[in-house]
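Read through the structure below, which is laid out as structure tokens, and then see the notes.
No lab work stands behind these numbers, since they all come straight from the coordinates. This is a predicted model, so every value here is computed, not measured. Note: ideal-geometry Cβ built from the backbone for every residue, glycine included; neighbour counts use all protein chains shown.
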């Protein structure tokens with residue numbers, strides 16, 4: 001069973017167990033929300049949206065058609081997703097651009113994600129950043145437009161561009177994971 005605050009409008013029946021939906025949330029009928037999610041107040045989730053398991057969506061986020069959020073993702077407050085690269089009032093594209101946020105990624109407060117990009121596994125997007133291109137797995141990006149600043153492990157350890165931690169531990173990418181060189 002999932003929990004929905006009485007001041008929300010949840011039209012979808014496809015919501016996983018132990019998900020909590022707070023006040024003033026709107027989730028349209030076609031949306032799919034996974035298990036153990038936390039959907040905070042003032043969030044809007046459109047029809048063609050998939051949200052995986054264990055996802056946190058903080059207040060003030062709009063998730064538009066074409067956005068797919070995988071498991072264990074953190075979406076900070078007021079993150080903005082787009083889905084139309086040339087928006088016009090009352091003019092709709094044949095299909096909306098696809099945006100994918102991969103497993104374990106974190107997006108900081110007030111970041112803007114331009115439609116059609118993929119944010120890689122465990123990537124970290126800094127607060128206020130504007131993502132205008134693909135973000136590879138295990139990388140850190142911030143700025144406007146966001147630029148590559150370093151790497152991050154799945155456990156959250158920040159590394160510089162040479163994959164070295166502040167305490168001089170060295171890492172390398174092995175089988176799609178960052179692994180410490182011993």
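Kirkwood radius for the chain, taken over all pairs of different Cα atoms as the inverse mean of 1/r, rounds to 16.8 Å.
May I ask you to derive the relative contact order of the chain, considering only C-alpha pairs under 8 Å and at least 6 residues apart, and to give it as an integer percent?
So the answer I get is 10 percent.
Dividing the mean sequence gap of close Cα pairs (under 8 Å, 6+ apart) by how many residues region 1-74 holds gives a relative contact order of 24 percent.
Take the Cα of residue 41, step 7 Å toward its Cβ, do the same at residue 169, and the gap between the two points is 3.9 nm.
Computed over region 140-182, the convex hull of the alpha-carbon atoms projects to a mean area of 3.3 nm². Our summary gives region 79-156 a relative contact order of 23 percent, counting only alpha carbon pairs under 8 angstrom and 6 or more residues apart.
Put in order of Cβ neighbour count within 10 Å, fewest first, the listed residues 1, 163 become 1, 163.
What percentage of all Cα-Cα pairs in region 22-82 are separated by more than 15 Å?
41 percent
Remark: 132, 99 ranked as 132, 99, counting other beta-carbon atoms within 10 Å and listing the fewest first.
Rounded to the nearest 0.05, what FRET efficiency is calculated for residue 89 and residue 148 with R0 set to 30 Å and r the Cβ-Cβ distance? The formula returns an efficiency of 0.25 here. In region 121-139, whose amide N lies under 16 Å from the spot 7 Å out along Cα-to-Cβ of residue 98? List them in ranges. In region 121-139, the label zone of residue 98 (backbone N under 16 Å from the point 7 Å along Cα→Cβ) covers 121, 134-135.
Shown for 142, 2, 151: other C-beta atoms within 10 Å of each C-beta, ranked fewest to most, produce the order 2, 142, 151.
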